[in-house]
1. Could you check region 1-40 and list, in sequence order, the residues that are surrounded by 10 or more Cβ atoms within 10 Å (Cβ to Cβ) and of a type in the set (S, T, Y)?
2. Kindly check whether there is at least one residue in region 41-51 that is outside any helix (DSSP H, G or I) and surrounded by fewer than 10 Cβ atoms within 10 Å (Cβ to Cβ).
Amino acid sequence: MTPDEIAARKKRNLALALALVAFVVLVFGLTMARLAQNIEQGRAEEARTGQPVPAVGR
């Protein structure tokens, strides 16, 4: 392989790695947001009914 081909491969690999990291961060952030939303919803329902909300089988 020529030095130009090696440099192009490195750039593609870096771009792919950054895209993968961005995707993982996006999925993690969305998961944490949904988790926080569900926790808050459970607390609100618990305050409304005065009874604890079961963790399983909602």
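What follows draws every value from the coordinates through simple rules; no lab data is involved. Everything quoted here is computed from the prediction, not taken from an experiment. Cβ sites come from the backbone with ideal geometry, for glycine too, and all protein chains shown count toward neighbours.
1. Result: T31, single match.
2. Restricting attention to region 41-51, the residues satisfying the condition of being outside any helix (DSSP H, G or I) are 50-51.
If we keep only those that are surrounded by fewer than 10 Cβ atoms within 10 Å (Cβ to Cβ) too, we end up with 50-51.
Within region 41-51, one or more residues are outside any helix (DSSP H, G or I) and surrounded by fewer than 10 Cβ atoms within 10 Å (Cβ to Cβ).
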